[in-house]
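Following: one structure in structure tokens, then a few remarks.
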Amino acid sequence: MAMTADTPSISAKLSHLQLLEAESIHIFREVAAEFQNPVMLYSIGKDSSVMLRLAQKAFHPGPIPFPLLHVDTGYKFREMLEFRDSYTRELGVNLIVHRNEEALRDGTNPARLGTQRCCGLLKTTALLDALRNHGFDAAFGGARRDEEKSRAKERIFSFRDSAGQWDPKNQRPELWNLYNGRIGPGESIRVFPLSNWTELDIWHYIHLEHIPIVPLYFAKERRMLVRGDSLIPVEQPFVKGLPGEEQWIRCRLRSLGCSPCTGAIRSDADTLPKIIAELVSFRSSERANRVIDHDQDGSMEIKKREGYF
Amino acid sequence: MPHLTEAPNARIDEVSSRPGDAPVPIPIEEFLAQEQSKDLLRFSTAGSVDDGKSTLIGRLLYDSQNVYEDHVRAVTRTQGTHALPTIDFAQLTDGLRAEREQGITIDVAYRYFSTSRRKFIIADTPGHEQYTRNMATGASTADLAIILLDARKGILTQSRRHAYIASLLGIPKLVAAVNKMDLVGYSQDVFEQHQRDLKALVARMGNIEIECIPVSALEGDNVVTRGENTPWYSGPSLLEYLETVPVAERHSRLSFRLPVQRVIRPHQHFRGFAGQIAAGTIYRGDTVVALPSGRKSRVQSISTFDGDLAQAQAPLSIVVTLEDELDISRGDVIASEEAPPQAAKNFEASLVWLHPQAMHIGKTYLLKHTTQTVKARVSSIRHRIDIETLAEQPADTLQMNAIGVVVVEANRALIVDSYNQNRSTGSFILIDPTSNATVGAGMIRQVIADGDGAYAEKDLLQASALLMVGNRPELAADLEERLLALRVAVVRTRVQNPDTWRALLHAGVVAIVESNESSELSIASLHGGQSELISEALAQGIAADHTASAHAVVEALIKKQIIAARIGDETK
Ligand SMILES: Nc1nc2c(ncn2[C@@H]2O[C@H](COP(=O)(O)OP(=O)(O)OP(=O)(O)O)[C@@H](O)[C@H]2O)c(=O)[nH]1
Ligand SMILES: [Mg+2]
């Protein structure tokens, strides 16, 4: 957090965002110091944007000492990919993009296989392959504990066995800020530097720090498929509406995923303050618009056990 | 997002419900300013299995309008055709499938909420004895613990264990929620009996405050609002208490300490030491000491991404650069020169054992303390705590969930404070070197020094040299301090007898020989049993110079390998 230089007071009260920032930076540095080959999962969303800024802060004035990895399902929004390429180029960070080309060649998409199998192949398998191929021993993820109740259970240093799996019933104790990063061959640690941030904290920080984010978060007129309460973005050829279902709607995305599975919300919030104001008035969680989390009870936990972030 | 009932929210709502209308920025900026000024209270739950911890947290979140509708819907069930839908509050936090199936909490759930006054981070922990390690995890970062009792059962072993762990972890405040009051007819007598027992219990744990509140997590009495069922109770509701209890000073009053995590060296002209401040405040220009080397320098800059700072306080994460080129690496501590932490290989600590495989005296574990990991052993157990009676009893091992006071012997000196002075420089974990499991959580009570001064005799580095300094008392003092910091045995003498000098050399000490003459500085060391004047170049380079600095002399001794340089991280 920006603190004015030459602050005279002896022990000014730190804001909770300053405390969160200090904690996250500490986590980044511990990982960089203790692991041979860490990587940061970069999903292009708002949390990744904040995570990237915190990584810059952690190693300033040096460069970020690890690459970024984007697992591209092939169904990400065009605006996300454009943002990814221009922003990472501007920062001069090392970006690795990995896709499960084989599954994509076989025509994997959520309409054909259902969301669960599609996610399994294009996200989880792709991620595990990428981590294994590059031999990454630690991977930062931007998940927050306030997102979902199985995430609320996860450690900051989350141990994964050699198959990349999480065992929620047998997590390592994690006391104070003493993280145990010791692993055996093939094992790895997922690290969550944003664990204690809430959705409001993220937006608040983006606002205060002027952090660039994908324009999809801001409201504008977009071509949408309107089905019941859902607004489904029309980007992929297999997303086809019935006559009259496709409309121009003023809307935005609250969380970014794959275009066929991430619903938009009707909104006029085209500035950060308006987004925050809207957020404070929300009655539903940010993942309520994600098709994939609702497949069945505990579906996030199941995906996480299998190696999903 | 959780609805706030206060004014700022009403204005935000108003704005967002009139799309495209009045400009938003002013009220939202006010709202954010208010957000920024709220303080943060971290609390954890404690108590025996099924006392109602998760139900209470669910109720607290729900009644204070801090739960999303889709999350409430997901835990609402209608049993039978005519029954009203009921919310299973515990399931708002019991987020694992196994937890929902078994109806118990297995691991900590972290929840976040805020009211108009405060922000809260809750760690809802499991009561089951098997998962005590997860309770300790949640409590280790808490400022306050809510200890629950089932009004029908009162204090159970696990309530006592949790209260004791909370006190060990230095949580200064406990609030006891005497729960399930609905099942004892909201009886004042029952509540008062439990209150007496609780006060008696914590009185034996030292300096802890306790507040008792009668609640029903299921019905909501005295959780957010005061209930009508307890007219005899005039104290605050749980939320009222949490919103107003003074937040304890999170960081200790110790002077500046920065455990170094990493050296940041983007180019030749910048060498910064990165870390999170563990205590105190640092100002640009302050004199600091690097430990364990004991070398001093001044802070040249406090550098952050957002620009240089004139000062920084705990717990900010910063990078400092120093005016002199000191050899500092991960695991070292940069501290204020006044009252720096102690270097210790041996110390007494409270230890909570977290693993099914019992602790072994003498076994080598890895010990992680601040930013360094060293090999260490538990050399003895002073006593174990009997959780039933809190009495100290002899023991030769600690089983899972046992708590004791032990003596730890590390392979290398750690730079420590006692835990009650500072959580971060006073805590450590033990890791099993084979399984990599975290097996113990320790809190340093005191350093054990056998012998004079800060360092135990046997830890001193053997080195032999005579430093003839003549009449330079300041140089002599400076040399003595630097050498001691390097753990070198040093004597200062004014005896001018060559036989004494030779004896000192053979005894393996560095002798600083002072005299009344302003003679040239010279250095002698042992070589093949004979004393030898160190090379001409050295004698001329540093010794002949009247302004010779202690720093230059020590550097020369290291270069000549009279003093061994520090050994690297042995666990890597
Ligand atoms: N009648 C009554 N039942 C309650 C109350 N609070 C909790 N319960 C019930 O007690 C049982 C256990 O509640 P939990 O909240 O899961 O208990 P817990 O302390 O979180 O249990 P662990 O986390 O497993 O240690 C559930 O069936 C609750 O509905 C209360 O105030 N009154
Ligand atoms: Mg529970």
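The values are calculated or read from the model by the stated rules, or taken from the named source; none is laboratory data. Being a predicted model, the structure only gives us computed values, none of them experimental. No Cβ is skipped: glycine too gets one built from the backbone with ideal geometry, and neighbour counts run over all protein chains shown. To get the accessible areas, we keep the full protein, side chains included, count just its heavy atoms, and leave off ligands, DNA and RNA. Shrake-Rupley method; radii C 1.70, N 1.55, O 1.52, S 1.80 Å.
Observations
- Helix-only CD estimate at 222 nm, as mean residue ellipticity for chain A, using -39500 (n - 2.57) per DSSP H run (n ≥ 4): -9500 deg cm²/dmol
- With a threshold of 22 Å on the Cα-Cα distance, the over-threshold entries among B:K53/B:K180; A:K220/A:K274; A:K149/A:K304; B:K53/B:K199; A:K303/B:K368 are A:K303/B:K368.
- Principal-axis tilt of helix B:157-168 within chain B, Cα atoms, nearest 10 degrees: 40
- Mean accessible surface per residue for chain A, computed with a 1.4 Å probe while every protein chain stays in place, in Å²: 36
- The residues of segment B:194-312 have, on average, 43 Å² of accessible surface per residue, using a 1.4 Å probe with all protein chains present.
- Volume per residue that the Cα convex hull of segment B:342-452 spans, once the total is divided by residue count, Å³: 101
- Looking at chain A alone, DSSP beta bridges between its own residues are antiparallel in about 60 percent of cases.
- For segment B:341-407, a/c is not less than 1.5, where a ≥ b ≥ c are the root eigenvalues of the C-alpha gyration tensor, and a/b tops b/c. That puts it in the prolate class.
- Think of chain B as having a plus end and a minus end, set by charges on the Cβ of Lys, Arg, Asp and Glu; of B:T230, B:I147, B:L483, B:L483 sits farthest toward the positive end of this dipole.
- Probe 1.4 Å - accessible area at A:I302, Å² to nearest ten: 50
- Heavy-atom accessible area order for A:E30, A:E245, largest first, 1.4 Å probe: A:E245, A:E30
- B:M443, B:M400, reordered so the largest accessible area comes first (probe 1.4 Å): B:M400, B:M443
- Percent of alpha-carbon pairs separated by more than 45 Å within chain B: 33
- Estimated at 0.36 nm per residue, the fully extended path between B:S37 and B:D88 surpasses their Cα-Cα distance by 14.9 nm.
- Relative contact order [Cα under 8 Å, 6+ residues apart], segment B:251-336, whole percent: 38
- Value of [θ]222 nm, deg cm²/dmol, for chain B, DSSP H segments ≥ 4, -39500 (n - 2.57) each, nearest 500: -6500 deg cm²/dmol
- In the calculated pair-distance distribution of the protein assembly as shown, the portion above 39 angstrom amounts to 46 percent of the Cα-Cα pairs.
- Working from label points 7 Å from Cα in the Cα-to-Cβ sense, the B:R73 to B:N516 distance is 9.6 nm.
- Solvent-accessible surface (1.4 angstrom probe) belonging to B:K560, in square angstrom, nearest 10: 100
- Added length on full extension, which subtracts the Cα-Cα distance from 0.36 nm per residue, B:N420 to B:R502: 24.9 nm
- Where A meets B: accessible area buried, both sides, 1.4 Å probe, Å²: 8000
- Heavy-atom accessible area for B:T244, with the other protein chains in place and a 1.4 Å probe, reaches approximately 80 Å².
- When you filter the trypsin sites (Lys or Arg not before Pro) in segment B:322-398 for DSSP loop state and at most 15 other Cβ atoms inside 10 Å of their Cβ, you are left with B:K363.
- 10 Å beta-carbon shell around A:F59, net charge (K/R +1, D/E -1): +3
- Magnitude of the charge dipole for chain B, about its Cα centre and with charges confined to Cβ atoms of Lys, Arg (+1) and Asp, Glu (-1), is about 980 debye.
- Per residue, the Cα convex hull of segment B:38-244 amounts to 121 Å³.
- For segment B:143-178 versus segment B:93-110, the inter-centroid distance based on Cα atoms is 20 Å.
- The mean sequence separation of alpha-carbon pairs under 8 Å and at least six residues apart, normalised by the residue count of segment B:342-452, gives a relative contact order of 39 percent.
- Chain B: relative contact order in percent, alpha carbon pairs under 8 Å with at least 6 residues between: 9
- Cα shape, chain A, gyration tensor, a/c 1.5 rule: oblate
- Solvent-accessible area, 1.4 Å probe, carbon plus sulfur percent, for chain B: 48
- Charge dipole magnitude, Cβ of K and R +1, D and E -1 - the protein assembly as shown, Cα centre, debye nearest 20: 1360
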